[in-house]
1. What is the local net charge at Arg222, summed over the other residues whose Cβ is closer than 9 Å to its Cβ (Lys, Arg +1; Asp, Glu -1)?
2. Contour minus end-to-end for Val188 and Glu75, with contour as 0.36 nm per residue of separation and end-to-end as the Cα-Cα distance?
3. How do the peptides 253-262, 187-196 rank, highest first, by the average count of neighbouring beta carbon atoms within 10 Å per residue?
4. For Lys175, go through the aspartates and glutamates and keep the ones whose alpha-carbon is under 14 Å away, minus same-chain ones fewer than eight residues off.
5. What is the gain in length, in nm to one decimal, between Ile181 and Arg95 on full extension, counting 0.36 nm per residue of separation less the C-alpha to C-alpha distance?
6. Run lengths n ≥ 4 of DSSP H only: what is the helix-derived mean residue ellipticity at 222 nm for the chain, with -39500 (n - 2.57) per run over all residues, to the nearest 500?
7. Of the listed peptides 40-49, 115-124, 136-145, what is their order by residue-averaged count of other C-beta atoms within 10 Å, with the highest listed first?
8. Could I have the simple spin-label model distance between Gln43 and Lys289, label points 7 Å from Cα toward Cβ, reported in nm to one decimal?
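Computed from the coordinates by the stated procedures, all read-outs in this text should not be read as laboratory data. Being a predicted model, the structure only gives us computed values, none of them experimental. Every residue, glycine as well, gets a Cβ built from its backbone with ideal geometry; the counts of neighbours run over all protein chains shown.
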Amino acid sequence: MISAVYFGAHQFSAPILEALINSGLFDIKLVVTQPDRPTGRKQEIQMSRVKIVALKYHIPIDQPATLKEYTVPVEADINLVCKYGLIIPEKILYRPRYGSINVHASLLPKYRGASPIQSALIHGDIETGVTIMQMDKAMDHGAILSQQTVEILPDDTCETLSERLAPTEAETLIKTVPKYIAGEIKPVEQNHELATFCREFKREDGEIKLDKTATEIYNLYRGLTPWPGIWTMWNGKRLKLLKIKPVNESAPAGKIIAKNNKLLVGCADNTTIEILELQLEGKAMTEAKNFINGFKNLLE
């Protein structure tokens, strides 16, 4: 068996860890994940899904807030990293005999950085994929061991695409690492001239501009759903658009109107989106028809 230390924190890192365990090919000596954090309105302390999986299989866990002074307390053949979220120092990357391998949710060198899935959706890409790569000191810069292409569906959001990518990530990693350790895979350096970069998104990135087309706004919605979501200002309050779709309707550019019992937004180039679910600041989420009934005088 291949002994490994697993670094992961995101919810979609958890099924990959479980797949590694159940493959029978890996002995996970330690799981390194981020500290438990307060979540939700009540700010209750919750464990990551990665930690839950590790506890299920009785695997030792470390949860350092930073890795600057951290030393991995076990020996392993390799580090396996998937959506960990913290910079890993070189002293940790290069400590195992076979170094550190990362699972990245894009076809590198495209979309290096923190938000490859979101960025692919926002840019309207029709395919993305999984890259298994050696890690070095630069962000998503290391040599490629294997890649697998995945189709992006027209109605995919960040959540649904992440769910569909996770099994491919696990399968590709499980197939690649044993061949890499056996010397059957030759790492291929990335074409760094073709590299594109993506950043972590913040709440303010979800503000929609009505000078964009319906397709551009819909792609932003796909990429930023469920977090941070998209929103606009309406009558001095923030209006979250929880579910939308482009439609072949007409509406005045830059306006939100009620038409034929539909809530429509006029966008650039005579395009239109329909709002299906929304939430006005200070109010509960609601369907468009209920919103129309509550604000008829402001939507005419």
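1. Residues near Arg222 contribute -2 overall.
2. Roughly 38.0 nm would be gained on extension.
3. 253-262, 187-196
4. Straight-line reach from Lys175, under 14 Å: Glu184.
5. 29.4 nm
6. -7000 deg cm²/dmol
7. Ranked from most to least packed, the peptides come out as 115-124, 136-145, 40-49.
8. Rounded to a tenth, the inter-label distance reads 4.0 nm.
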